[in-house]
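Note sheet for the following structure.
Only the coordinates and a few stated rules stand behind these numbers; no lab work does. Here the structure is a predicted model, which is why all the values come from computation and not from measurement. Reconstructed Cβ throughout: ideal geometry from the backbone, glycine too, with neighbour counts over all protein chains shown.
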Amino acid sequence: MARPIIVTGGAGFIGRNTVAELNARGEDEIILVDELGKDEKWKNLVGLRYEDIVSPEEFLGLIEGDAFCNARSVIHLGACSSTTEKDAGFLLRNNYQYTRVLCNWAMANEIRFVYASSAATYGDGSHGYDDADAATGLLQPLNMYGYSKHMFDLWALKHRLFQAVPDRAHDTAAGNIVGLKYFNVYGPYEDHKGDMRSVVSKSYRQIREDGVVRLFKSYRPKYKDGEQMRDFIYVKDAVDVTLHFALQPSDAPGGLFNCGTGRARTWLDLARAVFAAMGMPPRIEFVEMAAGLQGKYPYFTQADDRKLRAAGYARTFTSLEDGVREYVTGYYLPQEK
């Protein structure tokens, strides 16, 4: 019997695209873990091949009963990704404690464990975007979502779970889990995320509704309006990085890695790329930023990708223009026919 691959958050944005790529590679012995709820997220499952889907709570009960101990890997993408979520207790349970349970179970059964961290752990970027272990302890996330992800990164570092070799000085077995700090991911099947979906998706909707893209004004002299910068990564690239690690043997080296292109682009670049993909001249307006976001809004993010490249990931990332064009023409425009 084929050994299953477990994908938590399998009906979510990155999860759905991950399962689709696994299917494209001939994998369909997949266990999805997700809570579909009452919205339209279930539609993301249409067209996918998988063995079963269970809720997060049900999955915990199953593994307590020794189910799935022969799994090849756990790709843990399930989490609350809302940067505006205020329920700290919920975020701790959902993003930190649940991840610890899955990680301990996977390691006990020698199952490859790859989980989603976040670039939100970097806070305002004042300590840079270096994913070296020593740099991680300096970071100060700006919101509870980022902190919940940062907590697990710190816990894994404390217990040496990213190591590639045993720590003989402490008589500790090697930890070989992989954490991926996803930067600004955009692409198909993110519509269910509402206000948390990418600015590419939001821009497309704004253009369709009234022909204008609205971007936040800048409140720093160093950056003109619209020239705030982000590391935008197309979801297909984020998935490829994820599977690069997840499909390695269970004893392959681990680590905490940035998942970004290593190249920052402006919001203006993004908006113009959306207009170009739609075959329309750009119309861009600048609006005031909500008071609650001021002071919690990074003006520049850019993944340091040296550690990722040193780990053997060699593929070239999709340019912003090419990714936006493929997203708009391959996903949104066909829905209008």
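If you take the alpha carbon radius of gyration of the range 218-337 and divide it by 2.2 N^0.38 Å, what ratio comes out, to two decimals?
Compactness ratio reported: 1.28.
Quote the relative contact order of the chain in percent (integer), defining contacts as alpha-carbon pairs under 8 Å separated by 6+ residues.
17
Report the net charge of residues surrounding residue 273, where surrounding means a beta-carbon distance below 10 angstrom and charges are Lys +1, Arg +1, Asp -1, Glu -1.
Computed value for this residue: 0.
What whole-number distance in Å separates the alpha-carbon centres of the range 45-93 and the range 1-39?
Measuring centre to centre over Cα atoms gives 10 Å.
Mind putting together the pair-distance distribution for the range 1-153? All Cα pairs, 10 Å bins, whole percent per bin, short to long.
Bin by bin from 0 Å, the calculated values are 11, 37, 35, 16, 1.
Note down the net charge around residue 132, summing +1 for each Lys or Arg and -1 for each Asp or Glu among other residues with Cβ under 14 Å from its Cβ.
Taking every other residue near residue 132 into account, the sum is -2.
Multiply the residue gap between residue 67 and residue 289 by 0.36 nm, knock off their C-alpha separation, and tell me the result in nm, one decimal place.
Extending this stretch completely gives an extra 75.1 nm.
For the range 260-266, what does the Karplus curve 6.51 cos²θ - 1.76 cosθ + 1.60, with θ = phi - 60°, yield as ³J(HN,Hα) per residue in whole Hz, taken in order and with x for Gly and Pro?
Once rounded to whole Hz, the list reads x, 7, x, 9, 7, 10, 7.
For a quick size check, give me the Cα extents of the range 1-45 along its three principal axes, largest first, whole Å.
Between the extreme Cα coordinates on each principal axis of the range 1-45 lie 34, 18, 13 Å.
Of all the C-alpha pairs in the range 58-98, what % are more than 13 Å from each other?
Of all Cα-Cα distances in the range 58-98, 65 percent exceed 13 Å.
Report, largest value first, the span of the C-alpha coordinates of the chain along each principal axis, in whole Å.
Taking the Cα atoms of the chain, the three principal extents are 59, 45, 39 Å.
Would you compute, from DSSP H runs of 4+ residues alone, the mean residue ellipticity of the chain at 222 nm, taking -39500 (n - 2.57) per run and dividing by the full residue count, rounded to the nearest 500?
-9000 deg cm²/dmol
Can you compute the radius of gyration and Dmax for the range 177-226, using only the Cα atoms, both in Å?
Expressed in Å, the Cα Rg and Dmax of the range 177-226 come to 14.4, 46.
Taking every pair of Cα atoms in the range 105-227, average 1/r, invert it to obtain the Kirkwood radius, and report Rg/Rh to two decimals.
For the range 105-227, the value is 1.10.
Test of understanding: ordering 62, 180, 157 by Cβ neighbours within 10 Å, fewest first, what list do you get?
Going from least to most buried by this count: 62, 157, 180.
Taking the Cα-to-Cβ direction at residue 2 and at residue 214 and moving 7 Å from each Cα, how far apart do the two end points lie in nm?
For residue 2 paired with residue 214, the spin-label model returns 4.7 nm.
In which sequence would 105, 155 go, from the one with the fewest C-beta neighbours within 10 Å to the one with the most?
So the residues, fewest neighbours to most, are 155, 105.
For the range 305-337 and the range 175-189, what is the separation of their C-alpha centers, rounded to whole Å?
A separation of 14 Å, based on Cα centres.
Hey, what does the equivalent ellipsoid look like for the range 279-334, semi-axes from the Cα gyration tensor as sqrt of 5 times each eigenvalue, largest first, whole Å?
Result for the range 279-334: semi-axes of 28, 24, 9 Å.
Could you please state, rounded to a whole Å, how far the C-alpha centre of the range 114-152 is from the C-alpha centre of the range 251-294?
19
So how do 63, 177, 75, 5 line up by other beta-carbon neighbours within 10 Å, fewest first?
63, 177, 5, 75
With both partners inside the chain, how many of the DSSP beta bridges are antiparallel, as a percent to the nearest 5?
10
Contour minus end-to-end for residue 205 and residue 100, with contour as 0.36 nm per residue of separation and end-to-end as the Cα-Cα distance?
34.0 nm
Computed FRET efficiency, Cβ-Cβ of residue 225 and residue 143, R0 25 Å: what is it to the nearest 0.05?
0.60
Can you give the extra length, in nm with one decimal, that the chain gains between residue 154 and residue 331 once fully stretched, where that is 0.36 nm per residue apart less the Cα-Cα distance?
Result for the pair: 59.9 nm of gain on full extension.
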